[in-house]
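Structure first, commentary second.
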2 protein chains.
Amino acid sequence: MRFGLFGGARTKRMAGGPGVGFGDSHGYRDFIAYVVEAERLGLDSVFLVEHHFTGQGQVSASMELLAYLAACTSRIRLGTAVVVLPWHNPVLVAEQAATLDLLSGGRLDLGVGKGYRAAEFAGFCIPPVEAAERFDEAVEVIRKAWSSAGRFSHHGKRWHYENIVVEPEPIQRPHPPLWLAAGSPDSIRRAAREGYNLLLDQLGSIRMTIERVGLFREECERIGRPYHPAMVGATRALQLVHSEAEREAAFAIRAQVLNVIGDLRRGELAPDDVRDDDAPLLGTPEEIIAKLQRLRGGGVENILLVDPRASVANLRTFAAEVMTAFRPQQAAAE
Amino acid sequence: MRFGLFGGARTKRMAGGPGVGFGDSHGYRDFIAYVVEAERLGLDSVFLVEHHFTGQGQVSASMELLAYLAACTSRIRLGTAVVVLPWHNPVLVAEQAATLDLLSGGRLDLGVGKGYRAAEFAGFCIPPVEAAERFDEAVEVIRKAWSSAGRFSHHGKRWHYENIVVEPEPIQRPHPPLWLAAGSPDSIRRAAREGYNLLLDQLGSIRMTIERVGLFREECERIGRPYHPAMVGATRALQLVHSEAEREAAFAIRAQVLNVIGDLRRGELAPDDVRDDDAPLLGTPEEIIAKLQRLRGGGVENILLVDPRASVANLRTFAAEVMTAFRPQQAAAE
């Protein structure tokens, strides 16, 4: 069983809005300390979200924050979740990703996506209808950059390069794993066929998550692609509780979180609406262990924790009271 | 008197060329150790070059390497020299630069340029004749991103953004210093008028360098812009020698270096051709001190060292035997 983090740093603006005060870096500092502690506790990976123009201070330059984290850590894998390719020059993405792979000693997991937030398409003045074709061309360029023997050229619909070589070369060969978020059966099978690893959302129930992992595995086996459970990262909200009062508060937070993830088209949820939702790791350590055992039994063995509070204390409790149940060696060491 | 570094890391490819082996990260590791040692020795800044498609393993993602260096250092300023704006989406540059400024605690010096290498224009399929207009539009977008109170839009010739806010905000207000490389009187005066700091090349003689600093200072004073000597960084090759044999070897290296800087249209130079070239800090510590005193006497007080060998040993000797002559406090501490 592998455990990782999924999330990001956030600046908090001074009162008065942009331009009045300057960005508060505490969100970034706290997040860096959180990741360093995660490595110390034995977590295997961190996936950083990347967003633009939110006004909420979300991370926009995820690979730079990961480069900083590469210097602060030595073992934890560093992932993007995701670099939205239609916003980027794909050759620069290939250079930046390879540089990050080099700086981290081969620890990059490159999650890529075609974008889904309407406000970002509007901000970049790119029609959403072009997302898929822009994504496809960018991936084609990135793969060429990392697989061409010698110089190559590319003349596509959006991008043109002549006789170039992308440097540095990444450490991981043939290139860092590419990850894709997918949910529908077709898109999961396509991810398997096209050589991606898979990111699963934090909303799907345990049963649905097990089904999705099964679909991905079957498609890999069908086409002869070697499969390993670490190739699928299942995001799960982490909401540890130690009392019934904390459990009620956790339901309220869960309802809030689901209401805020507006892009996923959730409506107005009340705490009572989320009592039967088994997707989050919400409960006592014993209850969470039981949920994880169900997931593991169904082949879901790479869990990416989403803690709405990014709490170091929560993470320590999780490591001491939950992870140890799945890692006898670690338990013995502690 | 301030001293900094100017240069970059370099990977060395495995025999057989690209695609055969993987990039050797030792060049990057050595360079990182070099910068960390420079900070320890009291140097004030490092400016990183950025190049694409050279086949020589030069740094392509300079802001990522600087983000890594931000985590390894605490005081030294971190500069780009330069980000060639025509290759980049300017809003992403503003985000990346602000993130780097945040991560480094406000230590970014953002050098920008319009590009000069024919091979890079050809590789990106951008006509050199468009360089200036692309540069101007990109700078306009970056300045808007860092100075707009609230959201802004931009609809230019190359770039379109609608109702965006660039996050995070940089730590340095109103924004990190922008640096420009310039050499001709007109371009130096323009840099002064448009609010840039100035990077001077390593080829100009001492007299020419003093004249250029004087021009920049005069133009600042003419328009009422506060001037400080740290606003001009003069790059100088560092070639310390301790014997006449080492001096002859240094001339040979100098001739080689000048021959390699092909973009500057140098012809075939022999060691004898560079004996009277007073631009490099080539000589014994005493001779170099004398050159630096001439520069300082002419108002050139921010020296960026270019060591063709990026040698830690050279840097230590320079710090111990040259810098101490200009920094009595540091000498006392050692």
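None of the figures in this text is laboratory data; all of them are computed from the coordinates on show. Treat the numbers as computed from the prediction; the structure is a model and nothing was measured. Cβ sites come from the backbone with ideal geometry, for glycine too, and all protein chains shown count toward neighbours.
Counted by Cβ distance under 11 Å from A:Phe326, the other residues give a net charge of +2, where Lys and Arg count +1 and Asp and Glu count -1. For B:Thr317, the point set 7 Å out from Cα toward Cβ sits 6.1 nm from its twins in the other copies, listed from shortest up. Within segment B:246-325, the GluC sites (Glu not before Pro) that combine a DSSP coil assignment with at most 14 other C-beta atoms in a 10 angstrom radius are B:Glu268. If you bin all the Cα-Cα distances of segment B:196-236 at 10 Å, starting from zero, the percentages per bin are 31, 55, 14. In the protein assembly as shown, the DSSP beta bridges split such that about 15 percent are antiparallel, to the nearest 5.
By other beta-carbon atoms within 10 Å, ranking B:Ile206, B:Ile142 with the fewest at the front produces B:Ile206, B:Ile142. Angle of helix B:90-103 to the longest C-alpha principal axis of chain B, folded into 0 to 90 degrees and rounded to 10: 60°. Helix A:206-223 axis versus longest C-alpha principal axis of chain A: approximately 30°, rounded to the nearest ten.
Can you grab the distance from the C-alpha centre of segment A:51-66 to the C-alpha centre of segment B:116-195, Å, no decimals? Result: 20 Å between the Cα centres.
Could you grab the relative contact order for chain B? Cα pairs under 8 Å, six or more apart, rounded to a whole percent.
Values: 551 pairs, mean separation 54.7, N = 334.
Relative contact order for chain B comes out at 16 percent.
Please arrange B:Ser153, A:Ser243 by how many other C-beta atoms lie within 10 Å of their C-beta, fewest to most. Don't skip to the answer; put the middle values down first.
Values: B:Ser153 13, A:Ser243 9.
Ranked by crowding around the Cβ, least crowded first: A:Ser243, B:Ser153.
Rounded to the nearest 0.05, the FRET efficiency derived from the C-beta distance between B:Asp186 and B:Glu268 at R0 = 45 Å is 0.90. Placing unit charges on the Cβ atoms of the charged side chains and taking the dipole of segment B:203-256 about its Cα centre, the candidate lying farthest along the positive direction among B:Gln256, B:His242, B:Ile210 is B:Ile210. Its alpha carbons considered, chain A gives a radius of gyration followed by a Dmax of 20.1, 64 Å.
Assigning unit charges at the beta carbon (Lys, Arg +1; Asp, Glu -1) and nothing else, what dipole magnitude in debye, to the nearest 20, does chain B show about its Cα centre?
Values: 38 positive and 42 negative charges, 97 e Å.
Once rounded to the nearest 20, the dipole reads 460 debye.
With a point put 7 Å past each Cα toward its Cβ, work out how far B:Asp278 is from B:Glu244 in nm, to one decimal. Between B:Asp278 and B:Glu244, the simple spin-label model gives 2.3 nm.
Given R₀ = 56 Å, what would the calculated FRET efficiency be for B:Ala119 paired with B:Glu286, taking r from the Cβ atoms and rounding to 0.05? About 0.85, to the nearest 0.05.
I'd like the orientation of helix A:131-147 relative to chain A: the angle between its Cα long axis and the longest Cα principal axis, in ° from 0 to 90, rounded to 10. Roughly 70 degrees, rounded to the nearest 10. Taking the number of Cβ atoms within 10 Å of each Cβ as an exposure proxy, the fewest-first ranking of A:Trp179, A:Trp159, B:Trp146 is A:Trp159, B:Trp146, A:Trp179.
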